[in-house]
Structures are given as structure tokens and as C-alpha cells.
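Below is one structure, written out as C-alpha cells; comments come after it.
The values are calculated or read from the model by the stated rules, or taken from the named source; none is laboratory data. Note that the structure is predicted; figures quoted are calculated from it, not measured. Positions of Cβ are backbone-derived with ideal geometry, glycine not excepted, and every protein chain shown enters the neighbour counts.
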Amino acid sequence: MTEEHNFTASPVLRHATLADGEALLARLDATALPSTPVYRHGSLLVKLYRPSGEDLQKPHDRDEVYIVARGSGRFRNGDRAHDFGPGDMLFVPAGDMHRFEGFSEDFLVWVLFYGPEGGER
């Protein structure tokens, strides 16, 4: 099992704020992926994701949950699409095509990857 780790400057191992995550994003190189790990424990990996202009992600090998921290837009999940906004939760099974479209400039989302490769189907 992976060791528990908080990647932020939080003095509390199992606590991270949105501001903590944004501080990590601010340190990313401009050529880096638009996400950063925030917390890891076992199969759980929590990241903050902030695409710019276009969401170019590809399907992932594990199940994932998005929780919209800020912003709005449209989410394409397989062959369906729907609007999203702050506080919304979006689930994507491992291997499914998905993409954020027409999102606002302030868009920021928590991403939680978990479970085995291939998902919990």
C-alpha cells in the first residue's frame, strides 16, 4: 500500500484547503500538465486540475470523481454532455472518454482517482 502523503504545506496530514492546492499549481512550470497531486493514501490520489483553453486529457486507467471547486462549463462523459457548476460532483469510470468544454477562465476542479487499474466494474 502507498504511504500516506500530503503534498501541500498544510501542518495537518489529512487536511488541505483549496488555497493549499492552488499554491502547488502556482509553482508548476508553464509546460507542465495542468494538475498537481495534493494528497495520497492507498489507492486514493487527490489532485487539483486547472486546464487552460482546452481540456486535452485522455481516458484514465482508474475510476475518478471530479468535484467542481470553481467555474462552470459543459462536461462530456462518453456520448453524453451536460452543464456543470461549483459544487457539482462528476463520476467517470476507468477507460471512459471525458472532457470539459467551454469552461470559464476561473475553472478549477478536485480530482479523486481511486481503486484498481481498470476500475471497479
Given the conditions (1) in contact with a Ser or Thr (Cβ under 9 Å, 6 or more places away or on another chain); (2) assigned to a strand (DSSP E or B); (3) touching a residue at least 24 places away in the same chain (Cβ under 8 Å), every one holds for D83 apart from (3)
In the stretch 77-94, anything more than 14 Å from the chain's Cα centre (by Cα) and surrounded by fewer than 16 Cβ atoms within 10 Å (Cβ to Cβ) is listed as G78, D79, R80, A81, H82, D83, G85
Selection from the stretch 23-57 of residues farther than 19 Å from R70 by Cα, touching a residue at least 60 places away in the same chain (Cβ under 8 Å) and in a strand (DSSP E or B) yields L44, L45
Expected output for the stretch 110-121 (first residue at pLDDT 95 or above, partner among the aromatic types (F, W, Y), Cβ below 6 Å, 6+ apart or cross-chain) is V111/Y49; V111/Y66
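Do you know which of the residues in the stretch 1-12 that are under 22 Å from G115 (Cβ atoms) and modelled with pLDDT of 85 or more is surrounded by the fewest Cβ atoms within 10 Å (Cβ to Cβ)?
If we take residues in the stretch 1-12 being under 22 Å from G115 (Cβ atoms) and modelled with pLDDT of 85 or more, then E3 is surrounded by the fewest Cβ atoms within 10 Å (Cβ to Cβ).
From the list L112, L108, L33, L48, exactly one residue is of a type in the set (A, V, I, L, M), surrounded by fewer than 18 Cβ atoms within 10 Å (Cβ to Cβ) and under 30 Å from P11 (Cβ atoms). Which is it?
Result: L33 is the single residue among L112, L108, L33, L48 that is of a type in the set (A, V, I, L, M), surrounded by fewer than 18 Cβ atoms within 10 Å (Cβ to Cβ) and under 30 Å from P11 (Cβ atoms).
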